[in-house]
Amino acid sequence: MLHDQHMHSSYSRDSKEELRNYFIEAEKLGIKYVLTCEHFDFCTTVDGTTWDVDYDKLIKEQKKLKAEFPNIMPLLGLELGYRKDYFDEMVEIASKYDFDLIQLSIHDSGVGDYYFVETFNEGIDKIMNQYFDLMEEGINSFNNYEVLSHIDFGFKTVVMIDPTYKFNHFEERLIKVFKLLIKNDKALEINSKVLETINKIYLENDSTYKYDDHLRYILKLYKSVGGKKLTLSSDAHTTAKYRLDFDKHISVIKEMGFNELSYFIKRREYIYKI
């Protein structure tokens, strides 16, 4: 069974979930790996602090959990928030530990966090273009990662503000990002937590919308420019969201012509057939 490659435990600032609880859930399902990608974001506009991670403590706990759950292999992950003004620090943390997977994320511009409605006060189009500018800049300048996380993280906030927006409004920007990922041999994450929010809003406000049409659009466009590498993750911050809607999304991924998903161990790509 496909393991979840993007989860957060209490080692991340915005989660209170104990790491052990993910091992319990994995054991119930017979899943072989537990991988959390804890947040590392520099000087966030959320609270003015750097969201760092005590990886030494995390690794020690993983070793204890490995003894308690011998059939599960703990993997070490990092969700690294791109910030040009902290580029050297990004390079340092990405090379400091023996990670299995590093995900690159666009969360915070240094002026505003794209999670918050207030960040878009200057106008949706203006801020979304800034968001894609940062994404392209990050992909072009930083290479020490395997997966680009939640390409629609900022767009989720847009549909919360105005449900009439569709992702194809930014198609030219999306194509540029997809082509950069393909050129750099990186994978695109399908993030089920973001999809949960977007699907809910569209289904409530658009009678023509079908569940996962937003995902269908992303996959169709990605495939049209030659995209092949995909991961599917929940971005869970509690075990209640562990492997969120995986079966539903896998069905759509197959429907759109993709037959495999990627996963990573010791920074090496492996293939999960679907």
Can you find a residue that is among the hydroxyl-bearing types (Ser, Thr, Tyr), within 21 Å of Gln5 (Cβ to Cβ) and open to solvent by less than 10 Å² (accessible area, probe 1.4 Å) anywhere in region 91-100?
no
Closer than 23 Å to Arg268 by Cα, of a type outside the set (Lys, Arg) and in contact with a Lys or Arg (Cβ under 6 Å, 6 or more places away or on another chain) - does that describe any residue in region 43-63?
no
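Being among the small types (Gly, Ala, Ser) and surrounded by 16 or more Cβ atoms within 10 Å (Cβ to Cβ) is the filter here, so list the residues in region 137-163 that pass it.
Within region 137-163, the first condition is being among the small types (Gly, Ala, Ser), and the residues that meet it are 138, 141, 149, 154.
Answer for region 137-163, where residues must be among the small types (Gly, Ala, Ser) and surrounded by 16 or more Cβ atoms within 10 Å (Cβ to Cβ): Gly138, Ser149, Gly154.
Among the residues of region 112-156, which ones are polar (S, T, N, Q) and under 15 Å from the mean Cα position of the chain (by Cα)? So that I can check it myself, show each step before the final result.
Going through region 112-156, the residues polar (S, T, N, Q) turn out to be 119, 121, 129-130, 140-141, 143-144, 149.
Within region 112-156, Ser149 is the sole residue that qualifies.
For region 1-34, enumerate the residues that are part of a loop (DSSP other than H, G, I, E, B), among the hydrophobic types (A, V, I, L, M, F, W, C) and open to solvent by less than 30 Å² (accessible area, probe 1.4 Å).
Our first condition is that a residue be part of a loop (DSSP other than H, G, I, E, B); within region 1-34, this holds for 1-6, 8-18, 30-32.
This time we only want the ones that are among the hydrophobic types (A, V, I, L, M, F, W, C), so: 1-2, 31.
Hits for region 1-34 are Leu2, Ile31.
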State the number of residues belonging to region 183-226 that are within 14 Å of Lys166 (Cβ to Cβ) and among the β-branched types (Val, Ile, Thr).
4
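Test Phe178 against the criterion of being touching a His at 6+ places or on another chain (Cβ under 7 Å), within 16 Å of Phe132 (Cβ to Cβ) and modelled with pLDDT of 95 or more, and give yes or no. I'd like the intermediate steps shown before the answer.
Details: touching a His at 6+ places or on another chain (Cβ under 7 Å): no; within 16 Å of Phe132 (Cβ to Cβ): yes; modelled with pLDDT of 95 or more: yes.
So Phe178 fails the test.
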From (1) small (Gly, Ala, Ser); (2) within 26 Å of Phe132 (Cα to Cα); (3) out of contact with any helix residue (DSSP H, G or I) (no Cβ under 7 Å at 6 or more places or on another chain), pick out the condition that doesn't hold for Ser207.
(2)
When you go through Tyr242, Tyr270 one by one, which is the residue that is closer than 28 Å to Tyr11 by Cα and surrounded by fewer than 19 Cβ atoms within 10 Å (Cβ to Cβ)?
Tyr270
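Tell me, which residue of region 101-123 that is open to solvent by less than 60 Å² (accessible area, probe 1.4 Å) and acidic (Asp, Glu) is farthest from Ile161 (Cα to Cα)?
The selected residue is Asp108.
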Condition met for Lys210 (modelled with pLDDT of 95 or more, open to solvent by 10 Å² or more (accessible area, probe 1.4 Å), of a type in the set (D, E, K, R) and within 28 Å of His8 (Cβ to Cβ))
no
Taking the conditions exactly as written (out of contact with any strand residue (DSSP E or B) (no Cβ under 8 Å at 6 or more places or on another chain), closer than 18 Å to Phe116 by Cα and open to solvent by 10 Å² or more (accessible area, probe 1.4 Å)), does Leu134 satisfy them or not?
yes
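Just to check your reading of the model, which residue among Lys60, Lys126, Lys66 is over 20 Å from Phe178 (Cβ atoms), in contact with a Pro (Cβ under 8 Å, 6 or more places away or on another chain), surrounded by fewer than 19 Cβ atoms within 10 Å (Cβ to Cβ) and without any contact (Cβ under 8 Å) to a residue 12 or more places away in the chain? First the steps, then the outcome.
Working: Lys60 fails: in contact with a Pro (Cβ under 8 Å, 6 or more places away or on another chain); Lys126 fails: in contact with a Pro (Cβ under 8 Å, 6 or more places away or on another chain).
Lys66 is the lone residue from the list that is over 20 Å from Phe178 (Cβ atoms), in contact with a Pro (Cβ under 8 Å, 6 or more places away or on another chain), surrounded by fewer than 19 Cβ atoms within 10 Å (Cβ to Cβ) and without any contact (Cβ under 8 Å) to a residue 12 or more places away in the chain.
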Among Leu134, Leu148, Leu104, which is the only one that is of a type in the set (A, V, I, L, M, F, W, C) and under 17 Å from Glu38 (Cβ atoms)?
Leu104
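The values are calculated or read from the model by the stated rules, or taken from the named source; none is laboratory data. Bear in mind the structure is a predicted one, so any value in this text is a computation, not a measurement. Note that each Cβ is placed from the backbone with ideal geometry, even for glycine, and that neighbours are counted across all protein chains shown. Areas reflect the complete protein model, heavy atoms only, side chains present, ligands, DNA and RNA absent. Shrake-Rupley method; radii C 1.70, N 1.55, O 1.52, S 1.80 Å.
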